[in-house]
Amino acid sequence: MNPAFSVVFLTTLIGAGQGLFLAMVGGEAAAAALWLDAPGTAFFGTGSVLSVLLLGCGLLASFFHLGHPERAWRAIAMWRTSWLSREVIVLPAFIAA
């Protein structure tokens with residue numbers, strides 16, 4: 001198996017960004033549930049910015065996996081048949097959340 005570098009970067013960056021985000025949310029929820037002192041807002045602010053940067057870089061890497069990156073705007077049109085198209089639609093919604 002010889003995957004393209006864009007796929008490797010895509011899966012690694014998106015996985016790291018989502019994992020960081022979910023770890024921060026889980027840590028904050030656990031601290032609230034157990035009445036522990038949560039880390040400061042600088043910790044969550046830095047983690048949120050890093051998570052958005054990782055997810056944005058992963059989204060950018062998904063465009064390089066296309067055969068014609070100049071037509072990346074058309075990637076959304078094939079959402080019924082392409083997993084990459086679904087990812088291009090759902091990932092910005094996750095980033096916005």
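The values are calculated or read from the model by the stated rules, or taken from the named source; none is laboratory data. Owing to the predicted nature of the structure, the values given are computational and were not obtained by experimental measurement. Counting neighbours? That spans all protein chains shown, and the Cβs are built from the backbone with ideal geometry, glycine included. Side chains included, ligands, DNA and RNA excluded: accessible areas come from the protein's heavy atoms. Shrake-Rupley method; radii C 1.70, N 1.55, O 1.52, S 1.80 Å.
Residue by residue, here is whether (1) at negative phi; (2) at pLDDT below 85; (3) touching a Phe, Trp or Tyr at 6+ places or on another chain (Cβ under 9 Å) holds:
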site	(1), (2), (3)
N2	yes, yes, no
L10	yes, no, yes
A16	yes, no, no
G26	yes, no, no
A31	yes, yes, no
W35	no, yes, no
V49	yes, no, no
R71	yes, yes, no
T81	yes, yes, no
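Considering every residue within segment 66-77, establish whether at least one is of a type outside the set (F, W, Y), outside any helix (DSSP H, G or I) and more than 30 Å from P3 (Cα to Cα). Steps first, please.
Pass one, segment 66-77, residues of a type outside the set (F, W, Y): 66-72, 74-77.
With outside any helix (DSSP H, G or I) added as a condition, the list becomes 66-68.
If we keep only those that are more than 30 Å from P3 (Cα to Cα) as well, we get none.
No; the residues of segment 66-77 include none that is of a type outside the set (F, W, Y), outside any helix (DSSP H, G or I) and more than 30 Å from P3 (Cα to Cα).
I'd like the residue in segment 24-58 that is of a type outside the set (A, V, I, L, M, F, W, C) and not in a helix (DSSP H, G or I) and, out of all such residues, is most open to solvent (accessible area, probe 1.4 Å). It would help to see each step written out before you state the result.
At the first step, the residues of segment 24-58 found to be of a type outside the set (A, V, I, L, M, F, W, C) are 26-28, 37, 39-41, 45-48, 51, 56, 58.
Going one step further and asking which of them are not in a helix (DSSP H, G or I), we end up with 37, 39-40.
Values: D37: 153, P39: 67, G40: 46 Å².
Within segment 24-58, the match that is most open to solvent (accessible area, probe 1.4 Å) is D37.
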Item to check | Filter pass, L91 being farther than 15 Å from L10 by Cα and either touching a strand residue (DSSP E or B) at 6+ places or on another chain (Cβ under 7 Å) or not small (G, A, S) (or both) | outcome: no
Item to check | Hits in segment 8-54 - residues which are more than 14 Å from L91 (Cβ to Cβ) and touching a Ser or Thr at 6+ places or on another chain (Cβ under 6 Å) | outcome: L20
Checklist entry - In this structure, is F64 surrounded by fewer than 12 Cβ atoms within 10 Å (Cβ to Cβ) and either under 10 Å from the mean Cα position of the chain (by Cα) or at pLDDT 75 or above (or both)? => result no
Item to check | So L91, is it touching a residue at least 60 places away in the same chain (Cβ under 8 Å), in a helix (DSSP H, G or I) and within 19 Å of V7 (Cβ to Cβ) | outcome: yes
Next on the checklist: List pairs: first residue in segment 64-77 and more than 16 Å from L91 (Cα to Cα), second residue aliphatic (A, V, I, L, M) and surrounded by 10 or more Cβ atoms within 10 Å (Cβ to Cβ) anywhere in the structure, Cβ distance under 6 angstrom, at least six positions apart or on different chains.
Outcome noted: L66/A72
